[in-house]
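Take a look at the structure set out below.
The values are calculated or read from the model by the stated rules, or taken from the named source; none is laboratory data. Being a predicted model, the structure only gives us computed values, none of them experimental. Because the Cβ atoms are built from the backbone with ideal geometry, glycine has one as well, and the counts that use them run over all protein chains shown.
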């Protein structure tokens with residue numbers, strides 16, 4: 001959905017969509033840099049990124065590992081598993097939302 005902004009149009013996205021895009025971008029940048037082991041670790045600055053709560057969450061999940069000198073590398077398997085878990089959570093949340101709407105509709109909440 002596009003919304004006018006000062007004569008221009010910009011894409012309006014949900015917070016969840018923005019977070020998903022940032023996670024995918026981080027994974028892509030580490031892959032493109034070849035930073036998939038500690039010997040090839042990079043700084044966030046060299047990738048044009050800054051530290052954020054999204055990055056910190058992925059570090060806690062084991063997707064990105066720090067080195068002693070402040071660089072980071074990506075664990076490919078952990079990244080794949082993390083992204084899969086996140087995707088499954090989103091699917092479950094959407095399914096629950098649809099179920100709730102169906103129950104409300106069946107109970108006549110929306111009027112007939």
Checklist entry - Out of all the residues in segment 74-87, is one or more over 17 Å from the mean Cα position of the chain (by Cα) and not in a loop (DSSP other than H, G, I, E, B)? => result no
Next on the checklist: So for segment 80-98 (the condition being modelled with pLDDT of 95 or more and in contact with a strand residue (DSSP E or B) (Cβ under 9 Å, 6 or more places away or on another chain)), does at least one residue qualify?
Outcome noted: no
Checklist outcome for this item: Just one listed residue, out of 79, 93, 61, is surrounded by 14 or more Cβ atoms within 10 Å (Cβ to Cβ) and farther than 19 Å from residue 32 by Cβ, and it is 61
Next on the checklist: Considering only segment 43-58, I want to know if a residue exists there that is surrounded by 11 or more Cβ atoms within 10 Å (Cβ to Cβ), in contact with a helix residue (DSSP H, G or I) (Cβ under 6 Å, 6 or more places away or on another chain) and either in a helix (DSSP H, G or I) or modelled with pLDDT of 95 or more (or both).
Outcome noted: yes
